[in-house]
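The values are calculated or read from the model by the stated rules, or taken from the named source; none is laboratory data. These figures come from a predicted structure and were not determined experimentally. Backbone-built Cβ (ideal geometry, glycine too); neighbour counts: all protein chains shown. Remember, those area values only see protein heavy atoms, side chains included, never the ligands or the DNA or RNA. Shrake-Rupley method; radii C 1.70, N 1.55, O 1.52, S 1.80 Å.
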Amino acid sequence: PDQMAAIFGPFLNQACFSLRGRNLVDQKLEEFRLIADVSATKGPLAKLLVTLPAFRPAAAPQAAPNPLMSMMAGASGSVPQPGMGWRLQSESLLGWILSPTCIDTALYKEQSARSVHFSRGLASRSRSSVESVQRLLRDTVQEVLRQGSSVVAPLLRAGEASRNAVVAWFAALITGSQARTKSANMMDQGQGPQGFIHMLENAPVPLDMQMQMQIMKAQSSGFATSGLCVNSFWAILELVKPIKLAQVSTLEPFYLLREGDHDKEVIGGFIDEPRFGETSEVEATKAYAKSKGLLTDPSKFPTQIFWLAIRAFHVFCVPVMKENLCMVAAAGYFHTKNMAIMETAMGEHLVYEAILGSSAFLGDLGTFLNLVMAFCLGAAFPDRVADFAAGKVQGSVLTEEVSPQWSVLPSCILEDVIEVLEIVTSIQPQGKGPSELFLHLDAQLLLLMVTFMLGNGNHVKNPNLRGKAATLLKNLTSNSNYRHLVENSPVLANDIIPGCIRVFTAVEKTKQSFYDIRMQLKYQLRIPIMELFERMLPLEAHKKALKSFATENPDEFLKFLNNLMNDATMQLEEGMDTLIEIRRLMKEGKQAELQRPAASSVAEDEQTGEGADLYARSRADPKAHCKQYMQMGHRTISTLWSISREAPTVIISKLNVLQQMLHNCLNSCLDRLVGPRCLELKAPQKGQVSDFEEYSFKPKELLQMIAEMYVFVGRADKEKVQKTITEDGRSYRPKTFQKAVSILRREQMISADLLQEFSTFVQELNDLAESQEAALANVTVPDEFLDPIMSEIMVDPVLLPTSNTIMDRKVIERHIMSNDDDPFNRQPLAVKDLVPQTELRDKITDFCKKHGIVMGNESD
């Protein structure tokens, strides 16, 4: 071997270097054929090839510390060393073979695909001519990948050392390009499409120059370019393709715990990625795997290449897809604002889409994602992995405990899957149906995975990710294939509604974006959850799941309803108050205040060091703010209406929830719409055109839903509902309810039967209120019968063991829904800790009966 290396090594090394500079136009085919022929032998020369400096150059010596860079790095003075990604792209055999691409415009400049085919006149180009060029580019890049496969495949079969060398090269390229995932190294600086648009609007340099700067950043930070990343990821997908779903149980979930040198190189930076489990859980799982001998035998190639693909998906695929999304958003935004930016961005999108939108790429990606989904579900439920792969799933995917190996998995796996599906959905032109990628995905696997994410907050802890999963699920139900499964699969019918409830509550704790000062993030995440909820609830199986969940998980369900009612009240109040303020400003001639404020006028802590408005991207003007909150308020009320119609018993089952709905939501909204303050919402001047439509304010629709909700819950327990309404000393007014009946009758806003039912309900309600008032006027209620906070007669007195205070159950449970503590000393307190005071309750009951006072009840 040494003699062969001495004789043939320099020649082969020089032959490899002859491929330097290979690109889409000049693929250096003659030079390439020599390397392909050597690889095809799978003999000594092929084995020699992977040992040459040209195959994998040695790492450069660590650069001496730069005082200026150390100062910029902060107190630690630590400056990251450049990665090997750029060197492997520009100084290695496989880098030269896989580099030809239609994507890297800034690298190839005048010779780039965009410069040659999409540099100008895009607005006037026909779709057929654009697609013709994209097919040409796609075919050319696929030929490059076939050439790469003709070298890679035989080297993988030339022996263990050769196979390990090829796997290690791909692993090193991924590790060397990890900096691509950092916000500072992305085109949008980690701020998403809207942030990218904002940057372009305020950038002193054109988009082409920014892309050139991105190439310079790749060189200085050492990561590979987008073109090589896509080609390398696709090449790895081809290696994963032979792994069938039925073999998913053979892939190691414990692989990240391995400590062998080759395995550690494959794992690379994933060792530092956050896991689904806590550190203690990961360590316990590691000890378990070692005790069972699960890490003793050498790892198998399918496992190695599968984990390599997961890493490449994270480092190569996701950042490039984000770039494509930014270009699409910029092209749309600047279409009528800046034609130069529009054409540049659209040209970039078209060359990206030539590859990322191709059937071959999407097919390979879909096959890989199916493996990933089955693998993740199998890691959570190892006893059911064969069922997931075969599509024969029974039982729930909502669980308190999962298998230990779940804790080891990097959480970015599911984050990446959801983000890519979100991106392909966003990019797909309206009217064209779902992306072709969804045709290659196993519909049942995808729905099970998303449902697992929704309903298992203990195992998927990121509420923002779970909110995005709900959005994806809502979008999927627009497709007949997915909708059929959602409606008919027993597993999904049992789990989707509980999952929606849990994620709706979870996003209450969603962290705001650094650029979000409007407190809208949780509301925006909840909108698709509510839309999904309304689609599912009319179906009998899903309605049954709602009732079962409310019975078996009362605390969770109460928090969900509490959040829903709070949202509805806050959103509508904010929308109506903003509408009144807008009218005031217009009446006073202060139209300038209806625009986004100038940067100089915002608070100092909301300005950058240069004096720019830090929150300019999210600071809506009052008109946009009003419209958005009106729309959100209508959506939330609509969801509450659906629950009231389909499952009123779950609302009246707990008095504190019923009180929250009636006092803080329905009574409050009704009072605002038709009570004493309703004049504030009418048109400012007689004869003036109503501005309701402009701001998406639909008072008639709101009044209709509110009246019908009173009827729906009244049907379940009229006495309890009416008694609870009369206890509302803030918003309940008999005249307001009677006025609502008159308006509904005059405008013919609800059916005759519902109108009669509501009219009777209101008459009985007002009669009860009058009799209650008369009964209480001639009696003194003992203090011990009164709730210490609300000063109302207690219906179900309970002892708070943490402070030895007695309160009405409905009052303290409402407090616990939001705070989980004792209001008198702030010590932790749960509903299960409350101690019933039956003797005192009996005294109160006897007192009320004696004096003709109607009590509510806490039964059901």
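Please find, within region 15-52, the residue that is surrounded by the fewest Cβ atoms within 10 Å (Cβ to Cβ) out of those that are without any contact (Cβ under 8 Å) to a residue 60 or more places away in the chain and closer than 16 Å to M4 by Cβ. Per the criteria, the residue is P44. M339 satisfies every condition listed in (1) without any contact (Cβ under 8 Å) to a residue 60 or more places away in the chain; (2) open to solvent by 50 Å² or more (accessible area, probe 1.4 Å) except (1).
Count of region 244-267 residues, restricted to those that are more than 29 Å from the chain's Cα centre (by Cα) and of a type outside the set (G, A, S), is 9.
Condition check for E201 on (1) in a helix (DSSP H, G or I); (2) under 28 Å from the mean Cα position of the chain (by Cα); (3) modelled with pLDDT of 90 or more: one failure, at (3). All of (1) surrounded by 15 or more Cβ atoms within 10 Å (Cβ to Cβ); (2) at pLDDT 90 or above hold for H815 with one exception: (2). Applying the condition of being free of Cβ contacts under 8 Å to residues at least 60 places away in the same chain and farther than 19 Å from K292 by Cα to region 400-411 and asking which residue is surrounded by the fewest Cβ atoms within 10 Å (Cβ to Cβ) yields E400.
Just to be sure, is S396 in a helix (DSSP H, G or I), surrounded by fewer than 23 Cβ atoms within 10 Å (Cβ to Cβ) and of a type in the set (G, A, S)? Don't jump to the end; show me each part of the working.
Working: in a helix (DSSP H, G or I): no; surrounded by fewer than 23 Cβ atoms within 10 Å (Cβ to Cβ): yes; of a type in the set (G, A, S): yes.
Here the answer is no, as S396 does not meet what is asked.
The helices (runs of 4 or more DSSP H) falling completely within region 447-506 that include 3 or more residues that are open to solvent by less than 20 Å² (accessible area, probe 1.4 Å) map to 463-476, 490-506.
A count restricted to region 651-665 and to residues that are aliphatic (A, V, I, L, M) and more than 31 Å from the chain's Cα centre (by Cα) stands at 4.
Which residues, taken from region 417-445, are within 21 Å of R275 (Cα to Cα) and open to solvent by less than 10 Å² (accessible area, probe 1.4 Å)?
If we filter region 417-445 for residues that are within 21 Å of R275 (Cα to Cα), which is where we start, we get 417-420.
Passing the criteria: V417, I418, V420.
Right, S803: open to solvent by 20 Å² or more (accessible area, probe 1.4 Å), modelled with pLDDT of 90 or more and either within 21 Å of Q772 (Cα to Cα) or not in a helix (DSSP H, G or I) (or both) or not? Yes. Summed over region 275-285, the residues that are open to solvent by less than 60 Å² (accessible area, probe 1.4 Å) and either outside any helix (DSSP H, G or I) or free of Cβ contacts under 8 Å to residues at least 60 places away in the same chain (or both) give a count of 3. Cβ separations smaller than 9 Å between residues 6+ apart or across chains give the following pairs from region 568-591 residues that are over 13 Å from S668 (Cβ atoms) and open to solvent by 60 Å² or more (accessible area, probe 1.4 Å) to residues that are basic (K, R) and assigned to a helix (DSSP H, G or I): K590/R584.
Whenever a residue of region 301-324 is under 21 Å from A158 (Cα atoms) and in a helix (DSSP H, G or I), it has no partner that is open to solvent by less than 10 Å² (accessible area, probe 1.4 Å) and of a type in the set (D, E, K, R) lying with C-beta atoms less than 9 angstrom away and at least six residues away or across chains.
For every residue, the table says whether it meets (1) open to solvent by 10 Å² or more (accessible area, probe 1.4 Å); (2) in contact with a Gly (Cβ under 9 Å, 6 or more places away or on another chain); (3) under 24 Å from S407 (Cα atoms); (4) hydrophobic (A, V, I, L, M, F, W, C).
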| site | (1), (2), (3), (4) |
| --- | --- |
| H335 | yes, no, no, no |
| T344 | yes, no, no, no |
| G347 | no, no, no, no |
| E353 | yes, no, no, no |
| L365 | no, no, no, yes |
| N370 | yes, no, yes, no |
| M373 | no, no, yes, yes |
| L377 | no, no, yes, yes |
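The criterion of at least 3 residues that are at pLDDT below 90, under 30 Å from I236 (Cα atoms) and out of contact with any Leu (no Cβ under 6 Å at 6 or more places or on another chain) is met by none of the helices (runs of 4 or more DSSP H) falling completely within region 61-141.
For (1) charged (D, E, K, R); (2) open to solvent by 40 Å² or more (accessible area, probe 1.4 Å); (3) in a helix (DSSP H, G or I), each residue gets a yes or a no:
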residue: Q194; (1), (2), (3): no, yes, yes
residue: V205; (1), (2), (3): no, yes, no
residue: S220; (1), (2), (3): no, yes, yes
residue: C229; (1), (2), (3): no, no, yes
residue: E259; (1), (2), (3): yes, yes, no
